[in-house]
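Written below as structure tokens is the structure these notes are about.
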Amino acid sequence: QVQLVESGGGLVQAGGSLRLSCAASGRTFSSYAMGWFRQAPGKEREFVAAVSRSGGTTLYAASVKGRFTISRDNAKNTVYLQMNSLKPEDTAVYSCAATGVALSTSRNNYDYWGQGTRVTVSS
């Protein structure tokens, strides 16, 4: 079992930055690849970024590549999402998730989810 708690969301102007954190419970954090997903009002949850167990491999959605950076600190059981050059279309609830399988962009492969943190980008 892994419990995930996100933090760091808030209101920011377009062009600004936010850093999301996701703290995981348990001593097996490094056994899981981690991902960030987001869900905007009226839309389906979509993949944002993922990082491998070691942190050496990352994946990004095309819409955030070059602006967002995912990273993890296995000593702190935490995964981060640094979001720069934010746009109004980035407004959503952002959730982190853990998967016991290889790095994945599919939400169906993730076993554990946090409750989410809201990000609002004003124009």
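The values are calculated or read from the model by the stated rules, or taken from the named source; none is laboratory data. A quick note: this is a predicted structure, and the numbers were derived from the prediction, not measured. Note that we place each Cβ from the backbone using ideal geometry, even for glycine, and neighbour counts take in every protein chain shown. Accessible surface areas use protein heavy atoms only, side chains included; no ligands, DNA or RNA. Shrake-Rupley method; radii C 1.70, N 1.55, O 1.52, S 1.80 Å.
Things worth noting here:
- Residue ID - least open to solvent (accessible area, probe 1.4 Å), chosen from residues in segment 89-123 that are polar (S, T, N, Q) and in contact with a helix residue (DSSP H, G or I) (Cβ under 6 Å, 6 or more places away or on another chain): Thr99
- Taken together, the residues in segment 77-123 that are closer than 11 Å to Ser21 by Cα and without any contact (Cβ under 8 Å) to a residue 40 or more places away in the chain amount to 0.
- Scanning segment 12-70 for residues that are part of a strand (DSSP E or B), more than 12 Å from Cys96 (Cα to Cα), of a type outside the set (A, V, I, L, M, F, W, C) and in contact with a strand residue (DSSP E or B) (Cβ under 8 Å, 6 or more places away or on another chain) yields Gln13, Arg19, Thr58, Tyr60, Thr69.
- Among residues that are at pLDDT 95 or above, crowded, with 18+ Cβ neighbours inside 10 Å and in a loop (DSSP other than H, G, I, E, B), Leu81 is not included.
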